C-alpha cells in the first residue's frame, strides 16, 4: 500500500464524470488499498477515486457506527429520506468549510472489490459521506451546495455551538 496525492480544486479530473469499473483485478485492489491508506492518513470521512487522479467509479466511506471503511464500486443511491443540515468539508478543498443540507438516511447499491453487488445504508455522517463521495464520481463538489464558506471565526463559533448542543436543525447556531 502507498499514500496517494489528493488532488485539489483546480485539477480538471475533479470535474469529470468517472467511468464504471469493469475489471476487478489486483491492480484495482491496490487502488482501493492505497485509497484506504490515504484516507486514514488524511483523517477524512470519505475519498473518491478522482480525488487521487483516477477517473473510475469507486469510493470509500467511513461507516460511523463500525469505524470501518465501506468500499463502494459503481455505486448508486437507491433511497434517501429525511434531511440534515450541517458542516461539510472536502479533502480536495483543504481548509474550506460550509453548511450543506443532505438526506439524513441514505441507502446505496454498489459492487465490492470483487464485483459482487450489495446494499448498504447509513444515517447522519455516513449518509452525508455517501452523497458527497458519489457526487465526486459525477464531477461535482460539495462547494456547489454552499452559499458561502465559513470564515475561521464562523467555523470556530459553529464548532463551539455544536459541542454545547446550541445548533439548530438547520445547522445554524442558535442565538
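So for the stretch 12-164, averaging the separation of alpha carbon pairs under 8 Å that are six or more residues apart and normalising by length, what relative contact order in percent results? This gives 25 percent for the stretch 12-164.
Taking the DSSP beta bridges with both ends in the chain, the antiparallel portion is around 95 percent.
Of all the options 91, 159, 62, the one that moves most in a Gaussian network model of the chain with Cα springs shorter than 10 angstrom is 159.
Comparing 96, 160, 16 in a Gaussian network model of the chain where C-alpha atoms under 10 Å apart are linked, the largest mean-square fluctuation is found at 160. Rounded if a/c is under 1.5, else prolate if a/b beats b/c, else oblate: with a ≥ b ≥ c from the C-alpha gyration tensor eigenvalues square-rooted, which is the stretch 17-65? Prolate, since a/c reaches 1.5 and a/b exceeds b/c.
Relative to the longest principal axis of the Cα atoms of the chain, the long axis of helix 125-137 lies at roughly 50 degrees. Counting neighbouring Cβ atoms within 10 Å and putting the fewest first, the residues 13, 90, 59, 131 line up as 13, 131, 90, 59.
Pull out a ≥ b ≥ c, the square roots of the eigenvalues of the alpha-carbon gyration tensor of the stretch 80-132, then state rounded if a/c is under 1.5, prolate if not and a/b is larger than b/c, and oblate in the remaining case. Before the final figure, lay out the partial values.
On the way: a/c = 4.21, a/b = 1.50, b/c = 2.80.
Judged from the Cα gyration tensor, the stretch 80-132 comes out oblate (a/c at least 1.5, b/c at or above a/b).
Against the set (i) 1.18; (ii) 1.04; (iii) 0.97, the structure's computed Rg/Rh (Cα atoms, Kirkwood Rh) falls on (iii). The ranking of 117, 97 by Cβ neighbour count inside 10 Å, starting from the fewest, reads 117, 97. Here the spin labels are modelled as points 7 Å beyond Cα on the Cα-Cβ line, and at residue 41 and residue 138 they lie 3.1 nm apart. Which residue, 43, 139, 98, tops the fluctuation ranking in a GNM of the chain built on C-alpha contacts under 10 Å? Checking each option, the largest mean-square fluctuation is seen for 43.
No lab work stands behind these numbers, since they all come straight from the coordinates. Just so you know, these numbers come straight off a predicted model, no measurement behind them. Reconstructed Cβ throughout: ideal geometry from the backbone, glycine too, with neighbour counts over all protein chains shown.
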